[in-house]
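*Asks:* Just dropping this structure here.
Taken together, the values in this text are just the output of simple stated rules run on the coordinates, not laboratory data. Quantities reported herein were computed from a predicted structural model and do not represent experimental measurements. In this analysis, Cβ positions are derived from the backbone assuming ideal geometry, glycine residues included, and neighbour counts consider all displayed protein chains.
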C-alpha cells in the first residue's frame, strides 16, 4: 500500500521556476549536487548533499512540505513534515 500523507493535497501542477538549476545557486554563483522541485510553488533547490541545501531551506522558510527529485531518470518524492518517501513521485507528468 502506498504511504499516506495529508500534505499531498498541497501538491500542485507546477512549472520549475529555474529549470536550468538551483534558483539561489544560480543567483549567487554557487554549485549543487542534485536538484529538488517544490510541488507547491515550483522552486528548484539543491539537495542536502550540496553545500547550501537550498531545497531544505526553502521548506524551512516557506513550509512547502512536498518535493520531488528534479534529476533526469529519477521518480521519487519526499514529504519533509511526515518524512515519507513516494515512488513514483506525486505530481509528475
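*Asks:* Describe numerically, in nm with one decimal, the distance between label points set 7 Å from Cα along Cα→Cβ at residue 71 and at residue 15.
*Replies:* Label-label distance for residue 71 and residue 15, simple model: 2.7 nm.
*Asks:* Suppose only helical runs count, i.e. DSSP H with n ≥ 4. What mean residue ellipticity at 222 nm does that imply for the chain under -39500 (n - 2.57) per run, divided by all residues and rounded to the nearest 500 deg cm²/dmol?
*Replies:* Value at 222 nm, helices only: -4000 deg cm²/dmol.
*Asks:* Same structure, new question: Which FRET efficiency value, to the nearest 0.05, do you get for residue 87 and residue 28 by plugging their Cβ-Cβ distance into 1/(1 + (r/R0)^6) with R0 = 30 Å?
*Replies:* For residue 87 and residue 28, the calculated efficiency is 0.40.
*Asks:* Here are some values of Cα Rg over 2.2 N^0.38 Å: [x] 1.48; [y] 1.11; [z] 1.00. Which one was computed from this structure?
*Replies:* Working out Cα Rg over 2.2 N^0.38 Å from the coordinates points to [z].
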